[in-house]
Structure formats: C-alpha cells, structure tokens
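Please treat every number below as a calculation from the coordinates, not as lab data. What you see is a predicted model, and the numbers here were worked out from it, not measured in a lab. All Cβ positions, even for glycine, are placed from backbone atoms using ideal geometry, and neighbour counts span all protein chains on display.
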C-alpha cells in the first residue's frame, strides 16, 4: 500500500512537472519600454513599451521600505511564508462568498495577483471560479520558478496605476514627481491602494476616492500594528494633491540620442546618462524664456560639459521641444554649421607653438590681398597695428587670414581633426584661407570638446553623455599655448595687468557665420566648458543676430545657472610660459633691441623664453629693415597710414597723392541736396594699379589707378580720405563737410 502511494505521488509530481514544462507561466521578458534617466535616476524621457505602457523598472531595494510595508500589510501579510497560495485566506473568501452571495474579500496572495497581471483573464471570467483556479496554478508555478524577491519585483513593475502607467516607480514619478524611494507614509499608502481599482482611484481625476482608499490602507496598517498611531494620524492629515498625468520630459533630444544608441539599448530598459537634472531644468527654463524675444523659426542649442570627467551636464538641442515652427525636433548640438570665428583661438595657439608669434607680436590689420582673397572685418573698419592678443580678442579677420596663410589651411584642418574637431567641406573642396572665417562646417558638440583644451593643458576631449562611454582625449595644443590663449580670451593676456573677476573666470569667444546664419559663443572656466548656438535650423539668414549681441549674453546667463565651485585662487603657470617686455615694431625683447628702434614697449607672454620677431613684411621682399634711415621703414608697409607719413628715403619711388580734394577743404552741398557729392582719383599709382580707399578708416572701394572714386557724404564734420596701394604707399587728405 505504501509503495503504491509512493508511486502515485511520484506519478502525480511527474505529471505536474510535465504540465508545468508544457504550459509555463508567461513571465514577462525584459522588454519593458525604455526610460532614459539623469545621473540621479530622474527620468528624462519615457518611451512606452510595445504594449503602449509606461514603466520604469525598479527593484525592492530601490523602493521606500514604507511602501513595501504598506503593500504587504494591506495585500499579503504572509507573503514570505506561503507557497504562493494562502489556504486560510482562500477558505475565508469562499465562505464569505457562499454566505453573502458576492465576493467580499478576494483571498488572493500577492503571487496570485502577479499571476493575474502577467496573464489577465477575459473580461467575462474575471471573477469566475475558473479564473481563480488558473491564478492558483500560475501562482504555484511562479513560486517554483522564481524567488520571493523576483515575484515582488514583478509586482512592483507591473501593478496597474491608472491609464498607461504601471509600476510603483513610474506612478510615483508621474503623479507625485518624486522617486519611490522617498515616499512619505501617506504617499506609500496611496500607491498601495491604487491597484485595487486603478481607473476609479486615479488621484489626478478622483482625489476624494483615492484619499478614501488611502485611509482604508492606513486603518488596516494601524489595526495590524504595522505603523504606530502617530504615524497613521499624521498620514491622514496629508491631502491627496498630485500633478496631472502627462509626459514630463527633460533633455528630450539627448534622451532620443541615447535611445537610438545600439550600445546603450543593449544594456537594459533603464538608461542612465550623465545629465544633472537640476542644471538641465534651469537651462531649459532659461532657453524657453529667451524664445519670446527671438524671431520666428529661430532656435537655440546649449551644451555644458564638465572639464575633468568630460561628462555632459546639460544638453539642450533646441529651445522648445514642443514648438514645431522652430524645427525643435532637430538636434542642433549635433547639427553641422559654419563656426564663424570660433576657430581663431586654435589658429593662434598653433602659431604660438610654431614659434611664429608671442602674445604681443605686431600684426597688421589693414587692407591686404592674399592671392586675390581680400578679407574685411565684421565692423568694416581696420585698426592698423595690433598685437596678437588684441587681434584675437577683437576677432580681427585680416591678421587671422595672414597667420593662416603662413601656417597653411590644410595643416590647421589636420590638427583640428586630430583633436576631435572635424571640419566638413563640400565634396571635392580642399581647405583654403576662408577656413578661419567659417568656410567649413562643424558642430557645437565638437567645439565644446575642443575648447576644453584651454582649461586642461591643451588636451581636447569628446563629450560623454553616458557613464559607460569611453574617455577620449587628444592633444590639440601645447600646455603653454593653452595657457596663453586662455589668458588672452579671459582678459587680454597682459602679465602686467592680471585679469580677475570674482570666483569664476571665463575665457570666451564668439562667432558669426556668413549671412548671419549662425551665432556662437563658447566659454571655458576651470570646471566646465559651455557652448551656445543661435540660429534657424534650416540654415536661412537671421539678420541682426550675431555672436556678440545674441549668443554671448546667453552664454553669460547659462553660466549664471551653474553652481559656483570654490577653486584655487590662481592657476599654475606652465614652466614653458614666461613674461617678457618686447618692442614694436621689431617684436624682439627689450634688452635685445636698439632703443632707436623701440617705438613701443609691450608686456606679454612668450613660450620657451623665445620672442619671435615680427612676421616678414608682405610689402617688402627683405622684411623689416632695422638699418633704414627713418623709423617708419621699420614698420610693415601696410601700416604706413597709421604710424607716420611718407618721407624721402623711407619708401622711395613716386609718391601717391589724391587728386580732386585739397587738404583742409570745406565741402558744402548744392542747394536742396542732402549730401555732398565728391569725385577723386589718385596719381602716382602706375606701378601698383590696385588702390584701396578709406573714408575715416572705413573701407569704401578698391579701384585701379585710372578710375575715379565717387562718394556721397551725408555726415557733417571733420573727415579724412585715405588711399593706399599694394606697396604700402598712401596719401591722406583731411577735409570738412558743412551745410548739411
């Protein structure tokens, strides 16, 4: 008999095992949708799972103990003791059903509820005996296959919470705006009650019903002694007031970028980024506010990167993700656009490393032709003699093109590429002199990574949006060049006049692309690198908006959102950098220059103790000539209008003069006219047919020697008219306009 019983039990167990293997419980796979989160776990953007549900995965260790106490105390006190089914609870529920003719208590364990969640019965069978038996069987199967912790995790992630929300973490984030690990007793009781009737107890639609259900949970917990009377009394006082259920997105374009990353999605449904949620929210509010003052279709992008870790702290690919008219779905952090003058710091760093200049080298800002390319400045005027630091700070174009012509556009492009900043050109095009004025395309992300080199000894870095992303750095310039260029961008690069500004020092540069299509500003502090772009994503012009008046103020406001970190009072100067006093126009050290040839003293920075001489003069084949008979001959020929007058022996040859206007002349308009009409020409220009005309230092026209220049003068007062030729000769006539 005993033997027969054993065989019977063995056969029964075998049959149950076969049935279990043949009909396994439909345990949900890892496909739970995607949640992209900030570094602290706050969701940035939630993507629904294939069944259209919002879920954010969470484990019991990540949930407040208060919620677990409320859940188990209300739903299943014996969860850790029973095998998936509580016979006493089922017997009690059956007796109540038979006695009252209706369901009074379900008798379901938490495991049975999980079984119902993963295999929902048909609507007509929800309260049938058949459905209950199926839940019992599935609960036993779950207990055999999974640990208690795994079963509890399934409930935490699949419990219905109203609408398209499932799981305690997503409910806590969506309704309460906080992670489930920080729930108060009242909030924990509320979320424990909601799965009983998720549609009827939604706190955003039925706060009174939700509060009544919460109080029922609290009463049971007090009766059981799970929570003391004081805790329950305090929880009852708290009113149910939640935010409307809707998608709360931060950094939506960054989140989409992470979601589309094959490497990221392989890691699981919850994807952590490096973004600081508070900083991201502050910058998004700032950009949204700024859109009110922008023309139609104009957007903004901003990127903040930590210099040490290369982590992206804030990522705004557009100003307002909900504004379709501004093409807000286009991620302008990665958009390829003309960088304008933002590449100039890297050119000057390269010239420093090549030994072409020091920080106070004499450069020429005057009309020049580089193989037919004749750049002008943004303000349409020329400054004449400028130092390298002044030229960089003022973003002067002619000195930059002059340096690039000597270094070579291809070399600059190659060095930038090696540092992580790739310049995009039209197919078949090669780097040329327009490169330094925005003649190629790059991205805000690459610019920020490159500018980081100014704060970390010349090492550029690739911004990291994921904690798992590799740390990529590349040498873009020497440590000494990085120090000098940063010092220039902070305050002028004057060792004798150190620049200080509170706790945070900012080295920054602006840029404007041709036709006002893009306005840029990039800044570097000890802690972070910040980049801002303003423009139309479709690339159409935005007249009147340029780097200095649009992007630079916004850069300062973005910087103000960042917390101020206390750092060292003074950065360490590299051993390769030293201060030196040099002389203009030769550019050599003061102690190495004949006092007769030292027109100006300039205090600046030099690399490796070497002060390179002033670059060879394009107007003279032999360069500057310190043995000339007059001081003017020491200066580059193109600077003659700014440093002195032409004298015999200082230039030789036929003198240039203006015909049609006498020095000191007073010009008056004809009666009824609103302008004075003037026609002039130049004599002595036969050997240099190309002439440059300037009115009050502003370029007017370039003409050949036989062409008369016509001007309309509408401003009364003192003026001067200047003409220059390619050999550096010039003539200047002062005059006055009256009667307007």
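Label positions at residue 291 and residue 62, each projected 7 Å from the Cα along the C-beta direction, are separated by 3.1 nm. Counted residue by residue at 0.36 nm each, then reduced by the alpha carbon distance between them, the extension gain from residue 472 to residue 243 reaches 78.3 nm. Each residue, residue 39 and residue 572, gets one label point 7 Å from its Cα in the Cβ direction; the gap between the two is 2.5 nm.
Placing R0 at 51 angstrom, the Cβ-Cβ distance between residue 707 and residue 590 gives a FRET efficiency of 0.65 after rounding to 0.05. Take each peptide in 148-155, 79-86, count the other Cβ atoms within 10 Å of every residue, and average; sorted highest first, the result is 148-155, 79-86.
If R0 is 22 Å, the Cβ-Cβ spacing of residue 579 and residue 354 corresponds to a FRET efficiency of close to 0.60. As a proxy for reagent exposure, 703, 453, 381, 318 were ordered by neighbouring Cβ count within 10 angstrom, fewest first; the result is 381, 703, 318, 453.
Fewest-first ordering of 278, 284 by other beta carbons within 10 Å of each residue's beta carbon gives 278, 284.
Only counting other Cβ atoms within 10 Å, I'd like 533, 227, 635 sorted with the fewest neighbours first. Could the numbers behind the result be given before it?
On the way: 533 31, 227 22, 635 26.
With the fewest neighbours first, 533, 227, 635 line up as 227, 635, 533.
Under the 0.36 nm per residue contour assumption, what length would be gained going from the current alpha-carbon distance of residue 119 and residue 665 to full extension?
Details: separation 546, 0.36 × 546 = 196.56 nm, distance 9.92 nm.
Computed gain between residue 119 and residue 665 is 186.6 nm.
Modelled spin-label separation between residue 414 and residue 224, with each label point placed 7 Å from Cα along the Cα-to-Cβ direction: 7.4 nm.
Could you work out how much longer the chain between residue 334 and residue 281 gets when fully extended? Use 0.36 nm per residue separation minus the Cα distance between them, nm to one decimal.
Values: separation 53, 0.36 × 53 = 19.08 nm, distance 2.03 nm.
Between residue 334 and residue 281, full extension yields 17.1 nm more.
The calculated FRET efficiency for the pair residue 714 and residue 540, based on their C-beta separation and a Förster distance of 25 Å, comes to about 0.20.
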